[in-house]
Structures are given as structure tokens and as C-alpha cells.
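Asker: Here's a structure for you.
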Amino acid sequence: MLNLELQEFIYNTPDRLSLINYKSTSDTIVKIDIYRNHSFEMIEHTIAAYLDFAGIKAEFTYSDYDDSLSFLQIDHTADMLILWLDLSRYLEQSIDDFLEDRLETLRQLYTKPILVALLGNAKLSARENFVFFPMDDIKTRLSDRFLDLRLETFSGTKLSMNACLEVSRELGLNYIPSMLFPQLKAIVVDLDNTLYEGVLGEDGRSKLKLTPGHCRLQMILKSLKQQGFFICAASKNNEQDVLELFEKRSDFPLRQEDFTFICSSWAPKSHSILSIAEQLNIGTDSILFIDDNPGELIEVNHNISDIHVLLAQKNADDTADILENYPRIKKFRTEQEDLLRSEDVKANQERKRMQATLSSIDYLKSLHMQLTYNLNNKDHLTRIAELANKTNQFIFNYKRYQISDIEQFMHDPKAAVISVELSDRLSSSGIIGVCVAENKTTYININECFVSCRALGRGIDEIIVKGAINIAWKALGRLPIHVEFQKGPRNLPAETFVENNLKHFISGSHVWEYEIPRDIIEIHLKGDHDI
């Protein structure tokens, strides 16, 4: 995904006319429904370049202006909905209660992602399946240029042209991509003239310059690590020099422990990145690579066509600005699993070492593994939806459930949502797997099953998946089991598992027989029923 010209265009404050004339080249078309009481068209006219950088081409549908928020004109075929409201059109003393009621109605009517963008202030309760887009930062930056009441008659909105340009950028780069597509998982960064000014092998670590911009860039990477992103380095340097750099340079915000992996060698950087992807057990399409050398980006993109790339700028502040606004980086909430992720992957290296030296039984027993199966645990709603929308390798059906979908299954007495937690003596992995099943009167249908890539390869894949199916089977009446599966572009691990373990259940429903091997792994059960 090499588009350095587009990067330069959109991150250098293009003017309105240039944005209006931009023609999208993306093949990925999404439909966005705008339910509004003021005009959105000025945003639509200037958003194409930003969405194109995110790999998206948008088609917008519109409601009439509807202050009553009747929601009679919702386009249910749309991939997401933006609720676009000017609150000055309402009486201030009654707006909060009115909006609370209408948002709850909207939640029942529309189960896909919803972005609430309010011009004005309201005190609203947080809702799991809504994302709120505040305009306060834009208002602060623009000050008296935020509104333009003189043009409202012609434009249909109180927002100024400058404000509309800012909103286009925010929605196109940050909000829409992160709401519609799985977030990136890893950021692999070059070192020389990217994280600092200078070349380690030539200048020596003491003469490398940490400019204010480079300090800010490192702080952003450190913050992203704390949000659950894997931070890795791919550098053409002596490995020992690199390790000593992060040990000795106490002024660097990034420390060695902030990196999940540091790959320092003289091999092509594409080799280093492929090695990192293998160790992380993630697809290269979920990696962002940052380097100041266009030649390195071209080499990497030539050998890894689906990777995301960012050309680091000479002014590191510019690099920091791009990274902060790179598509599919923005997170709307941080879960406990995000905090566990990096240490859990590092612990996988020790697990692999143990697997190579111990028998299968001794390996499992030595780790003191614990699996907890949860039936309809509403506290897990957000994590389940997150896992459903970012899992690619081990997923049965790509159903990409939203929070409202999972909530609906949990409230249905004929359905079961099994979430699986994993821990061992090396680390806690948190919620790593989910099974969604329904009682179809004569059989139990396994609608979906997905497992985090972090949990794969530990020797317990069968226990995780078949154990979850077993819990659903017991909760829903012990009927014959039928498993749904569709082959996708990247779910070969799931396909292989189904072929080896569940092939018989794909063609039709059959009697289910499985017992969790409690002698080699500790099992806990939590739920509303006797499971």
C-alpha cells in the first residue's frame, strides 16, 4: 500500500478546491448513511482524498432534515450511520433527555456502527455501540473561524468552510476507517533518522540528537504501546549497538522493554518485517512500517504488497502528526487485553522453547494453564466485538459482529455466547476466543467461532474451540451439532482446524461427543446455567 504522493498531498494542508477535485482510486466501496438536521454536503465534497488514503471510497445517502429524529429514513443497507446534528435547533433545557431517548431508539433500530457528531454540547450517557465525535478541539483551533452564520443560508450549516475541512480530515483519516475496519496491530519503525537524528553506526549513540519532534514521536509510540499496539523495530545496525542505545540513552522516552521485538540486521527490511510478523503471529496487512528512506519503503512494499507504510519526514513533528492521524490507528476505548498483549507475545517465545524440549503432556502441565469458559458474560461485550472485527486467521464465518449483535444473542434464550479466557504461569492472555451458537429446534448451529492469533500454537487449540462448543452444546439442550464455515482470504488456520476436527459437522448435524481433558489443564466455568 505504497502511496507516498497521496501522503504528501493530504498531510500538507491541501486547499478546499484541490480536495473537491480529487478523484478516488480505491476499489473498496462503503455506504455511509447521514441522518441529519443540517447540511453534511460540504464535508462529503472534501473527504474523498482522506478516505482514499485509508483505502476507502464512500457512497453517502441522506435523510431529509429531521429535528424530530423519527428515524423513518434510515438506510439499513449502509455500512455505518453518522448522526449529524446541530443542537442549536433545540431548546437547551430539554435537549439531554430528548437525545437520550432518541439515541436509545436508534440503538434498537440500527445495529451497525453509529457515529454521533454534535454541533453543540449535551450531557449524554456513554453507549457501547456508539462513537461520539467531539468538535471541541476543532472549535478551539479555529476560534472565531469555527462558525460562519453569514453563509448558513447557502451552505445549510453554521459550520464555516474551514471547520468543514477539519471535520473532513478527522472523519476521513481517523473515525470512519477505525469504525469500519479492523485496527492495525503493529507498528514497525526504523531507527536512524526516524526515531532520532543521526546514524548509530557512524555517529555513535552519544552524538545522536533527540530533537523535540523525535521526543514527541517516541512518546506517541510509547502511548500506542500502552494502548495495546505492538511496537517493533527493523533496523540495519549491529544488534548489540541497538540494545545498548536503548539501555544507555536515558533521555529516550522509548526503552528496550517498550519494543515487543527488535530486529537489527543487514538483511533487507522486508525479511525483518516478515520475521516480526511470524513471531507476532499476525498478518502483514495489519502492520504499519515507518522509515525515512523511500527506497526502503519501496523494497518492503515490493515484497510485502499489503503492508501499510509511512514515509518519516525530516521534521519529526510532521512524522508525529501523520502517525497520530494514520488510518486505523485511532482507538475509542482500551480494554484489559490491550494492556496484556505485548507481554503475552513475548512470553510466547518461552513457550515455544518449552515446546521444543518437552513432551506435549509435560509442556502443558508445566505451564499450569487455566481456561475459563463464560456463558453470556455481558462484561465481555466490548472485547467480544473487538475480537470479532479484527480476527482474520482463525475465524469461521467473518460475521464481524457489532456489540448490539452480541447483546441480542445474549438476551435470546435460544442462543449462547461463550467467551474464553486463558492464562498460565508466564502471563495472562485475557479473552482469546468466542463461540456463538443457536438452538435451531432439532440441532444446535455453531454460527461463528474465532480465536486470537496470540493463543494459537500453544498446543491447546482443540481444547479452546471444542471446549467452547461443548459448553454451548450443554447450555442449549445437547442436540446434534452443525458447524457453519466459509473459506476466506486469510483464515487458513481455521480451515485446517475444521478439516482436522469438525469436517463431519459441516455437511450436516451430527451427535456431539467431547470431554475437556481436565487432567492437563485447569478449567473454570462461569455462566447463568449449569455448564
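No lab work stands behind these numbers, since they all come straight from the coordinates. Owing to the predicted nature of the structure, the values given are computational and were not obtained by experimental measurement. Positions of Cβ are backbone-derived with ideal geometry, glycine not excepted, and every protein chain shown enters the neighbour counts.
Asker: Treat every Asp and Glu Cβ in the chain as -1 and every Lys and Arg Cβ as +1, leave all other atoms uncharged, and give the resulting dipole magnitude about the Cα centre to the nearest 20 debye.
Answerer: Once rounded to the nearest 20, the dipole reads 820 debye.
Asker: Under 12 Å from the Cβ of LEU72, count the other residues' Cβ atoms, weight Lys and Arg +1, Asp and Glu -1, and hand me the total.
Answerer: Net local charge, LEU72 excluded: -3.
Asker: Say the dipole of the stretch 4-180 comes from +1 at the beta carbon of Lys and Arg and -1 at that of Asp and Glu; which of PHE9, ALA122, ALA49 then lies farthest toward its positive end?
Answerer: PHE9
Asker: If I model a spin label as a point 7 Å beyond the Cα along the Cα-Cβ vector, how far apart are those points for GLU128 and MET219 in nm?
Answerer: 3.5
Asker: If each Cα of the stretch 246-345 is one equal point scatterer, what is log10 of I(q)/I(0) from the Debye formula at q = 0.15, 0.18, 0.20, 0.25 Å⁻¹?
Answerer: Debye intensities relative to I(0), on a log10 scale: -0.78, -1.15, -1.39, -1.49.
Asker: Report the net charge of residues surrounding GLU335, where surrounding means a beta-carbon distance below 13 angstrom and charges are Lys +1, Arg +1, Asp -1, Glu -1.
Answerer: Residues near GLU335 contribute -1 overall.
Asker: Calculate how large, on average over all directions, the projected area of the Cα convex hull of the stretch 40-108 is; give the answer in nm² to one decimal.
Answerer: 5.7
Asker: For n ≥ 4 DSSP H runs only, could you compute -39500 (n - 2.57) per run for the chain, divide by its residues and tell me the 222 nm figure to the nearest 500?
Answerer: Value at 222 nm, helices only: -11000 deg cm²/dmol.
Asker: Based on the alpha carbon coordinates of the chain, what radius of gyration and maximum Cα-Cα distance (Dmax) apply, in Å?
Answerer: Over the chain's Cα set, Rg and Dmax evaluate to 25.0, 77 Å.
Asker: Roughly what % of DSSP beta bridges within the stretch 358-526 run antiparallel, to the nearest 5?
Answerer: Of all bridge pairs located within the stretch 358-526, approximately 75 percent are antiparallel.
Asker: Still on this model: Suppose the Debye formula is applied to equal point scatterers at every Cα of the stretch 186-324; what is log10 I(q)/I(0) at q = 0.20, 0.21 Å⁻¹?
Answerer: -1.27, -1.43
Asker: Using the structure shown, list the pairs from LYS112/LYS222; LYS365/LYS474; LYS487/LYS526; LYS112/LYS487; LYS236/LYS314 with a Cα-Cα distance above 29 Å, or answer none.
Answerer: LYS112/LYS222; LYS487/LYS526
Asker: How much length would be gained if the chain were fully extended between GLU495 and THR13, taking 0.36 nm per residue of separation minus their Cα-Cα distance, in nm to one decimal?
Answerer: 168.9 nm
Asker: Among PHE229, VAL242, PHE252, whose Cα projects farthest towards the positive end of the dipole of the stretch 186-324, with charges put on the beta-carbon of Lys, Arg (+1) and Asp, Glu (-1)?
Answerer: Farthest towards the positive pole: PHE252.
Asker: So for the stretch 297-455, averaging the separation of alpha carbon pairs under 8 Å that are six or more residues apart and normalising by length, what relative contact order in percent results?
Answerer: Once normalised by length, the contact order is 21 percent.
Asker: Another question, if that's okay. How much FRET efficiency would the formula 1/(1 + (r/R0)^6) give for SER143 and PHE332, where r is the Cβ-Cβ distance and R0 is 30 Å, rounded to 0.05?
Answerer: The calculated FRET efficiency here is 0.65.
Asker: Sticking with this one: Express the relative contact order of the stretch 446-531 as a whole percentage, based on alpha carbon pairs under 8 Å and six or more residues apart in sequence.
Answerer: Worked out over the stretch 446-531, it gives 37 percent.
Asker: Under the Karplus relation 6.51 cos²θ - 1.76 cosθ + 1.60, θ = phi - 60°, what is the ordered set of whole-Hz ³J(HN,Hα) values for the stretch 229-240, x standing for Gly and Pro?
Answerer: Ordered by residue, 3J(HN,Hα) equals 6, 7, 9, 10, 10, 10, 9, 8, 8, 5, 4, 5 Hz.
Asker: Placing unit charges on C-beta atoms (Lys and Arg positive, Asp and Glu negative, everything else neutral), compute the dipole magnitude of the stretch 178-306 about its Cα centre in debye, rounded to 20.
Answerer: 420
Asker: Can you classify the stretch 358-526 as rounded, prolate or oblate using the Cα gyration tensor, where a ≥ b ≥ c are the square roots of its eigenvalues, rounded means a/c under 1.5, and otherwise it's prolate if a/b beats b/c and oblate if not?
Answerer: Verdict is rounded for the stretch 358-526.
Asker: So for the pair PHE98, HIS45, with labels modelled 7 Å out along Cα→Cβ, what separation do we get in nm?
Answerer: In this crude label model, PHE98 to HIS45 measures out at 2.9 nm.
Asker: Going by average Cβ neighbours within 10 Å, how do the peptides 65-71, 322-328 rank, with the highest at the top?
Answerer: Result, highest mean Cβ count within 10 Å first: 322-328, 65-71.
Asker: Taking the highest mean first, how do the peptides 488-495, 51-58, 212-219 order by number of other beta carbon atoms within 10 angstrom per residue?
Answerer: 51-58, 212-219, 488-495
Asker: Using the Karplus curve 6.51 cos²θ - 1.76 cosθ + 1.60 with θ = phi - 60°, work out ³J(HN,Hα) for each residue of the stretch 177-193 in order, rounded to whole Hz, and write x for Gly and Pro.
Answerer: Going residue by residue, I get x, 6, 7, 9, 10, x, 5, 5, 10, 9, 10, 9, 10, 6, 9, 4, 6 Hz, with x marking Gly and Pro.
Asker: Quick check on the stretch 135-262: what are the equivalent-ellipsoid semi-axes from the Cα gyration tensor, as sqrt(5λ), descending, whole Å?
Answerer: Equivalent ellipsoid of the stretch 135-262: 41, 17, 11 Å, largest first.
Asker: Now, a different point. For the chain, what relative contact order do you get, as a whole percent, if you take Cα pairs closer than 8 Å and at least 6 residues apart?
Answerer: Once normalised by length, the contact order is 11 percent.
Asker: Compute the distance from the alpha-carbon center of the stretch 318-377 to that of the stretch 441-458, in whole Å.
Answerer: After rounding, the separation between the Cα centres reads 18 Å.
Asker: Just to be sure I follow: if Rg is taken over the C-alpha atoms of the stretch 1-141 and Rh is the Kirkwood radius over the same atoms, what is Rg/Rh?
Answerer: That ratio is 0.99, to two decimals.
Asker: Please give the peptides 270-277, 118-125, 443-450 ranked by average Cβ packing (other Cβ atoms within 10 Å per residue), highest first, as a rough proxy for protection.
Answerer: 443-450, 270-277, 118-125
Asker: For the chain, what proportion of DSSP beta bridges, expressed in % and rounded to the nearest 5, is antiparallel?
Answerer: Once the DSSP bridges in the chain are tallied, antiparallel ones form about 35 percent.
Asker: Apply the a/c threshold of 1.5 to the C-alpha gyration tensor of the stretch 427-529 and tell me whether it is rounded, prolate or oblate.
Answerer: It comes out oblate by the Cα gyration axes.
Asker: For a quick check: with amide H placed at 1.01 Å from N, whose amide H comes under 5 Å from PHE60's, ignoring anything fewer than 5 positions away on the same chain?
Answerer: Counting only residues 5 or more places away or on other chains, the set is ILE32.
Asker: Would you mind checking which residues have amide H under 5 Å from PHE132's amide H? H placed 1.01 Å from N; only 5 or more apart, or other chain.
Answerer: Distant-sequence amide H within range of PHE132: VAL116.
Asker: OK, next. What are the trypsin sites (Lys or Arg not before Pro) within the stretch 230-264 that DSSP puts in a loop, where the Cβ has at most 13 other Cβ atoms within 10 Å?
Answerer: Hits after loop and neighbour filter: ARG255.
Asker: Identify all lysines with a Cα-Cα distance to LYS57 below 16 Å; exclude those on the same chain that are fewer than 8 residues away in sequence.
Answerer: Qualifying lysines at Cα under 16 Å: LYS23, LYS31.
Asker: Need the full-extension length gain, GLN108 to ASN293, defined as separation in residues times 0.36 nm minus the C-alpha distance. One decimal, nm.
Answerer: 61.6 nm
Asker: Let me ask something additional. Using modelled backbone amide H atoms (1.01 Å from N, in-plane), which distant-in-sequence or interchain residues come within less than 5 Å of PHE230's amide H?
Answerer: Placed amide hydrogens put ALA186, ILE187 under 5 Å from PHE230.
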